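Visitor: Shown below is the structure under consideration.
The values are calculated or read from the model by the stated rules, or taken from the named source; none is laboratory data. Note that the structure is a prediction, hence the values are computed from the model and not measured. Every residue, glycine among them, receives a Cβ derived from its backbone with ideal geometry; neighbour counts consider all protein chains shown.
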Ligand SMILES: [Zn+2]
């Protein structure tokens, strides 16, 4: 299973001026982007499937803000008993959640280079089999609550995997911004460009700068995809997420959008361009 250690950023106390700082980051980001349009923001939480305190806290934050959240579920981790518990925990936020697929069992198959479960080291038949059994398991347990979008573990997958997603009628893929190759036509790409919990900066100070730079760069693109790892969230990380959602709503220039809605609007605008 992926690591659960909080990054350096959340092991230091939060700055006392956090709310003012966030408001400034957002205002400066929009001003620098010169963006007349509004900025769409979506949130995606990974490594879902096992109920626990960190998941409860995550759900509680999004319910309080009435903010939509994509939940990337590892199919092999989910059982009927766990799903029953997750359903109960999320009942208060009906309509906010986009339950979708995160790999098969979150296992690396590459022998060199970056970790991937659906990477080039595996023949397409293996990729297809794991995609199919993952989807079948989630559909069997969740029924129509399941949304056919795919978040590959470690935010990357091969061109063959993308082609399989397209052929199997997935409605979106969600990877890191700038991932290569691009998703094929007809498969909307909901890229994440702000990582809250798996940052690699060695110190809290450098991580704050990195976080601000990434947020403002995301704003400049007109869309901010926020990646969340609740299993790595401590109290400081939870308080920050709460403050960020408050600041986004307070500013007025940001729209918190659900993943299915964003995928559908991308599909429509792509079809419009293609005509
Ligand atoms: Zn993951």
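Visitor: Taking residue 147 as the residue in question, decide whether it is touching a residue at least 12 places away in the same chain (Cβ under 8 Å) and within 16 Å of the ligand (Cβ to nearest atom).
Guide: no
Visitor: Something else about it: May I ask you to verify whether residue 65 is closer than 18 Å to residue 176 by Cβ and modelled with pLDDT of 95 or more?
Guide: No; evaluated as a whole, the condition is false for this residue.
Visitor: I'd like the full set of residues that are part of a loop (DSSP other than H, G, I, E, B) and either within 16 Å of the ligand (Cβ to nearest atom) or touching a helix residue (DSSP H, G or I) at 6+ places or on another chain (Cβ under 9 Å) (or both), limited to region 1-16.
Guide: 1, 2, 3, 4, 5, 6, 7, 12, 13, 14, 15
Visitor: If you don't mind, there's one more thing I want to ask. Any residue at all in region 131-142 that's within 14 Å of the ligand (Cβ to nearest atom), closer than 21 Å to residue 43 by Cα and part of a helix (DSSP H, G or I)?
Guide: Checking region 131-142: not a single residue is within 14 Å of the ligand (Cβ to nearest atom), closer than 21 Å to residue 43 by Cα and part of a helix (DSSP H, G or I).
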